[in-house]
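Input: a single structure, listed below in structure tokens.
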Amino acid sequence: MNKRVRNIGMILLLTIISVPLSGCISGNKENSKMDSSLDFTLKDINGKTFNLSDFLGKVILLNFMTTDCPYCSLEMRELEKVRETTGDDVIIISIDADKSDTNREIKNTYSKYINKWIFALDTYKEDVSDKYMVYGVPKNVIINTQGKVSYSNPGLTSKDILLNEINKAKI
């Protein structure tokens, strides 16, 4: 009986370990289509409509934020350093996850940055924050050149970490 309990315990342990690791296996790198569940359509704060898939082939950094988040303001400084380093090679899109915010609030809060990359307000229709499992802000998601999420991190993230992850996403 003791041996049987140990075997069952070992099987459970292996199952618990293997299930999370299975998420690390990458799919076909030849596939150049964006996962349709990740795609979305939003309007930037100036009213221009864009699809995430418009940027397929480039590394995309999605930054989820709100206008009343002090850590989000700190994150903007890090994103500005990323922009200065990468130029237009990386698409940066800051998405306000608080659907009660307005474009005017975004412009007022982040006026220093709004002309440096794309800012948009999430909508109930698209619910981008839900698609990317945003449960707190700031949160950064990097999508590689093949249209797959290669990095996702809640909380304040430094320029160095972002640049390292961006380099990994250039496949």
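Laboratory data are not the source of any read-out in this text; all were calculated from the coordinates shown. Just so it is clear, the model here is predicted, and its values are computed rather than measured. All Cβ positions, glycine included, derive from the backbone under ideal geometry; neighbour counts span all protein chains shown.
Using the Karplus curve 6.51 cos²θ - 1.76 cosθ + 1.60 with θ = phi - 60°, what ³J(HN,Hα) values do you get for each residue of region 83-92, in whole Hz, with x for Gly and Pro?
4, 4, 7, 9, x, 8, 5, 10, 8, 10
Applying the Karplus parametrisation 6.51 cos²θ - 1.76 cosθ + 1.60 with θ = phi - 60° to the phi angles of region 105-122, what ³J(HN,Hα) value in whole Hz is obtained for each residue in order, glycine and proline being reported as x?
Karplus-based 3J(HN,Hα) across region 105-122 equals 5, 4, 4, 5, 6, 10, 4, 5, 10, 5, 9, 9, 7, 7, 10, 8, 10, 4 Hz.
Sort 53-61, 138-146, 40-48 for me by packing, meaning the mean count of neighbouring Cβ atoms within 10 Å per residue, highest on top.
The peptides rank, most packed first, as 138-146, 53-61, 40-48.
Can you list, largest first and rounded to whole Å, the semi-axes you get for region 34-169 by taking the square root of 5 times each eigenvalue of its Cα gyration tensor?
Semi-axis lengths for region 34-169 are 19, 18, 14 Å.
Taking the Cα centre as origin and putting +1 on Lys and Arg beta-carbons and -1 on Asp and Glu beta-carbons, what dipole magnitude results for region 34-169, to the nearest 20 debye?
220 debye
For G147, what residues show an amide H to amide H distance below 5 Å, using hydrogens built from the backbone and excluding near sequence neighbours?
Answer set, sorted by chain and number: G57.
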